[in-house]
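I have placed the structure first, in the form of structure tokens, so that the comments after it can refer back to it.
The values are calculated or read from the model by the stated rules, or taken from the named source; none is laboratory data. Note that the coordinates shown come from a computational prediction; the quantities given were computed from them, not determined experimentally. Note: ideal-geometry Cβ built from the backbone for every residue, glycine included; neighbour counts use all protein chains shown. Note: areas computed on protein heavy atoms with side chains; ligands, DNA, RNA excluded. Shrake-Rupley method; radii C 1.70, N 1.55, O 1.52, S 1.80 Å.
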Amino acid sequence: MRDQFGRAIDYMRVSVTDRCNLRCVYCMPAAGVPFVPHEEILSFDEIARICRIGAELGITKLKLTGGEPLVRRGLPDLLGMLKRIPGIEQVTLTTNGTLLKEQINELVSNGLNSVNISIDTLDPERYREVTRGGSVEKAWEGLDAAAGFPGLRVKVNCVPLQGAEDEEYIRLALLAKEGKADVRFIEMMPIGMGKVFSGRSKEEIYSILKQVYGEPEAYDGRLGNGPAVYVQFPGFRKHVGFISAVSHQFCSGCNRIRLTSEGYLKPCLQYGSGTDLKKLLRGGADDDMIRREIERTIFSKPASHQFDASCAAVPGEESGNEGDEDTGDGDSLEKKGMSRIGG
């Protein structure tokens with residue numbers, strides 16, 4: 001399936017919950033956010049039906065996200081359901097890792113292809129500060145357990161924050177040197193609470209690492225389904241990647257759509273436009289009708305995001321509507337935080 005600009009859309013990020021066991025400063029307010037009632041979240045059968053129809057349209061790769069996906073009971077069962085859909089080649093997972101140790105065996109046995117673990121720092125006190133009470137030891141246990149499966153690709157995601165010590169990123173990069181995981185540094189996204197936090201740029205992190213580890217070589221291969229640009233430092237067993245959606249826009253090659261936990265299909269992270277598939281599912285729509293709506297949503301995918309001053313909003317405030325601030329170009333801006341959209 002191609003959109004109106006000829007991009008092949010073969011990757012869907014599927015949020016299974018808006019709930020999370022952490023309260024990262026750039027994701028949620030300190031008091032948290034009101035959670036969506038359980039009955040308003042898509043059931044596993046509903047998720048599988050949408051993914052099956054998506055696969056018929058050319059979706060081959062799925063990423064399970066949240067909130068924190070592992071807080072949803074029975075997630076390995078859903079993963080197995082999705083892997084059995086004809087045409088689905090990969091099902092991957094993004095998690096904070098703190099619940100991963102207890103579930104990794106079942107996830108792998110159900111066909112998990114790769115896992116991304118979000119760890120912004122290895123310093124215990126700094127981790128507690130960023131996550132508002134989380135345990136980096138638990139995240140490390142999850143990482144260690146995942147790394148114990150030779151056929152499972154493991155990546156660590158880090159959002160570099162202003163004010164953090166350079167040593168934090170030097171230590172994280174060591175995970176790639178030692179072969180524990182590929183390490184990716186992700187630019188802060190101006191969505192929800194991310195609008196009021198300053199991140200550090202790819203150039204800053206690259207310079208810090210180069211001073212310590214030497215000049216890296218560019219890596220042209222693919223290590224996943226996303227837009228990361230990878231390098232390999234001398235003596236490293238794995239790679240260091242950078243995802244810079246705002247400063248180094250990669251929209252021309254975007255291959256993804258997003259399904260929120262409430263059943264809203266979004267063609268672009270920034271905009272609130274999309275289709276309420278849950279309403280169709282629960283209103284008795286047949287597969288052909290749902291297929292047409294998915295096709296229409298994919299085709300209408302915008303050319304690019306416009307992350308600029310027009311995104312400004314009250315920090316921590318979320319609208320009850322799917323995008324209610326117009327950009328002037330007919331596209332409404334997304335007002336929900338990342339935990340509601342799907343990280």
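Working from label points 7 Å from Cα in the Cα-to-Cβ sense, the ILE170 to ASN21 distance is 3.3 nm. In plain terms, the chain from GLU106 to GLU204 could stretch by 31.4 nm, reckoned as 0.36 nm per residue minus the Cα-Cα distance. What does the net charge come to around ASP166 if you take all other residues with beta carbon closer than 11 Å to its beta carbon, with K and R at +1 and D and E at -1? Every neighbour counted, the sum reads -2.
Here's the picture: charge each Lys and Arg Cβ at +1 and each Asp and Glu Cβ at -1 in the stretch 89-243, and of GLN103, ALA164, VAL130 the one pushed furthest to the positive end of that dipole is GLN103.
Farthest towards the positive end of the charge dipole of the stretch 11-147, among the residues ILE53, LEU78, SER118, is the Cα of ILE53, using unit charges on the Cβ of Lys, Arg, Asp and Glu. Neighbours of LYS101 by Cβ distance under 11 Å: Lys/Arg scored +1, Asp/Glu scored -1, total -3.
The alpha carbon centroids of the stretch 91-144 and the stretch 250-273 are separated by 25 Å. Entry note, the stretch 67-151: relative contact order of 31 percent, from Cα contacts under 8 Å with a spacing of 6+ residues. Over all other residues within a Cβ to Cβ distance under 14 Å of LYS238, the charged ones net out to +3, with Lys and Arg as +1 and Asp and Glu as -1.
Averaged per residue, the stretch 1-60 has 41 square angstrom of accessible surface, using a 1.4 angstrom probe with ligands and nucleic acids left out. Just the protein heavy atoms count here, and of the accessible area of the stretch 1-136 at 1.4 Å, carbon and sulfur take up 50 percent.
Spatial offset of the stretch 224-240 relative to the stretch 62-81 amounts to 26 Å, using the alpha carbon center of each.
Each Lys and Arg adds +1 at its Cβ and each Asp and Glu adds -1 at its Cβ; summed about the Cα centre, the stretch 1-158 shows a dipole of about 300 debye.
When peptides 62-75, 28-41 are ranked by their average number of other Cβ atoms within 10 Å per residue, the highest-first order is 62-75, 28-41. Listed by chain and number, the lysines placed with their C-alpha closer than 21 angstrom to that of LYS210 are LYS155, LYS177, LYS180, LYS202, LYS238; residues fewer than eight positions away on the same chain are left out.
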